[in-house]
Amino acid sequence: MIEDLVTSVQLAHKSIRAHLVVAWFPALFGMAMFVVFLLLAVMLILPIAPNILTHPNPAAWATAEVAAAMAPRLLLLVAVALPLLVITNAGSLYLQAQAVKGEAVDTSHFFLGVRKLSLRLIAGHAIEFALYLAILVPAIVLLMTRVMYLAETQAEIMRIPDQLAFSALMDLLPFILLSGVLFVAASVAISMWSRVLAIRDVSIGRAILDGLVFARTHFFAILIVFIGQWVLSTLLQRLLGPGELLGLVGLGMTYLLRVYVGMTMLHFYALRTGVK
């Protein structure tokens, strides 16, 4: 299994070199969508808070009246942002999947992926989000309840907010750790369904089921890839350090790392299942 994982990394490198469009076009499209979203945000927010971009303390605008006026506009922005993210992800996944299958891909494959995968990705992400909520909400609610209890019963801790949160966290540490382990396990378990969807073009139910079976069988190999991605991303941030220019370089390198990981996982799936 580890040998196949190493082979998958090598194949991912070859695929990206042979099909550079899988790296540059989704990034370009995503930047264009971000500009559109930013312009829409400015059009919606500036009429309510015209000086928010130049005000020395933008938080000063956070009054109850402004918040009430902003709420529906912010909901509209969220409603626009989520489909844009799904569209970009659908095109990128399909582009990568076809490159892994040996197709001579170009930008048209990106838009074909948008048309073929977007609706199923929305349904799958809704299920994914519900699973994360089921894991995280009990921990968050229990932690908040504990914080409120300590605030009411221990006046000396109340004067130190950081200590209040730390005490509540320590009291619930076993449960918080269990929630963290479940979150990581769930992240690995549902990491493959969208890639199965892209490379096999099946129904969302079949993609989720096959993705879960594959992730269960290759759990530790997938976990190694994700840990490696996190370690490399952290090292990049440490090596580049602060600064706007270096920050942009780091952002680009992190994006390229994500492309490599995506291609590696697709090749790994293709190797282990023999999908063509």
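Quick note: the coordinates plus some simple rules give every number you see, no bench work behind them. Everything quoted here is computed from the prediction, not taken from an experiment. Note that we place each Cβ from the backbone using ideal geometry, even for glycine, and neighbour counts take in every protein chain shown.
Annotations
- Size of the chain as Cα extents on the principal axes (Å, biggest first): 64, 48, 40
- Across the chain, C-alpha contacts under 8 Å between residues 6 or more apart give a mean separation that, scaled by the residue count, equals a relative contact order of 25 percent.
- Using alpha-carbon coordinates, inclination of helix 161-171 to the longest axis of the chain, degrees: 60
- MET192, MET253 arranged by Cβ crowding within 10 Å, fewest neighbours leading: MET253, MET192
- Cβ crowding within 10 Å, taken as a proxy for footprinting-reagent exposure, orders ILE140, ILE208 from fewest neighbours to most as ILE140, ILE208.
- Here the spin labels are modelled as points 7 Å beyond Cα on the Cα-Cβ line, and at ARG272 and SER167 they lie 4.7 nm apart.
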